[in-house]
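Here the structure comes first, spelled out in C-alpha cells, and everything after it is commentary.
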C-alpha cells in the first residue's frame with residue numbers, strides 16, 4: 001500500500017535508555033532500530049516496524065510502499081518483498097501494453113476502412129507497373 005508519511009520516529013534505545021535487542025529469531029541478541037510512522041491514511045495511529053537501509057532514508061511528506069498488518073490494537077509495517085514489487089510492476093506494464101495493443105488495433109481497422117474507400121483493397125494491387133515491365137522479371 002502506498003502511503004504518505006506525516007511523522008517518523010526512530011529509536012535504538014528503550015524508555016530506560018537501554019539498547020533495543022532482538023529477543024528471538026536468527027538475529028537474537030543483536031541490536032535493532034525501531035521505526036514508527038504516522039501516515040495520511042492512518043491518521044494519529046502509529047505504525048511500527050524495524051529499521052533498515054531503505055526506511056533509514058525516509059522523510060516526512062514522502063510517499064512510500066509498505067505492507068501494513070493489524071495485530072490486535074497495534075499496527076505494524078513490513079517492507080514489501082522485491083518479488084511482490086516486481087510482480088506489481090509487471091502487472092502495471094501488462095496493463096499499459098494491453099491498452100497500446102487495443103489502440104493499435106483501432107488504428108489498423110481505421111486504416112483498412114480508409115484503404116477500401118480509396119480503392120486499395122486486398123483484391124487490387126497497390127502499385128501499377130508499366131505495361132512493358134513484368135514484376136516477375138525483376139531479379140530482387
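None of the figures in this text is laboratory data; all of them are computed from the coordinates on show. Just so it is clear, the structure is predicted and the values come from calculations on it, not from any experiment. Positions of Cβ are backbone-derived with ideal geometry, glycine not excepted, and every protein chain shown enters the neighbour counts.
Among 104, 37, 68, sorting on how many other beta-carbon atoms sit within 10 Å of each Cβ, with the fewest leading, yields 104, 68, 37. Translational diffusion coefficient of the stretch 2-80 at 20 °C, 1.002 mPa s, Stokes-Einstein with Kirkwood Rh over Cα pairs, in µm²/s as a whole number. The estimated diffusion coefficient comes to 162 µm²/s.
So between residue 20 and residue 111, what do we pick up on full extension, going 0.36 nm a residue minus the alpha carbon distance? Don't skip to the answer; put the middle values down first.
On the way: separation 91, 0.36 × 91 = 32.76 nm, distance 6.81 nm.
The residue 20-residue 111 span can extend by a further 26.0 nm.
Between the stretch 1-54 and the stretch 78-101, the C-alpha centres lie 28 angstrom from each other.
Note on the stretch 81-120: the C-alpha convex hull projects to 2.6 nm² when averaged across all orientations.
Candidate values [x] 2, 10, 20, 23, 21, 13, 7, 4, 1; [y] 2, 9, 19, 24, 23, 16, 6, 1, 0; [z] 2, 7, 11, 12, 11, 9, 6, 4, 4, 4, 4, 4, 4, 5, 4, 4, 3, 1, 1, 0, 0 were compared with P(r) over Cα pairs in 5 Å bins from 0, in percent computed on the shown model; the agreeing label is [z]. Principal-axis analysis of the Cα atoms of the chain puts helix 82-117 at an angle of about 20° to the longest axis.
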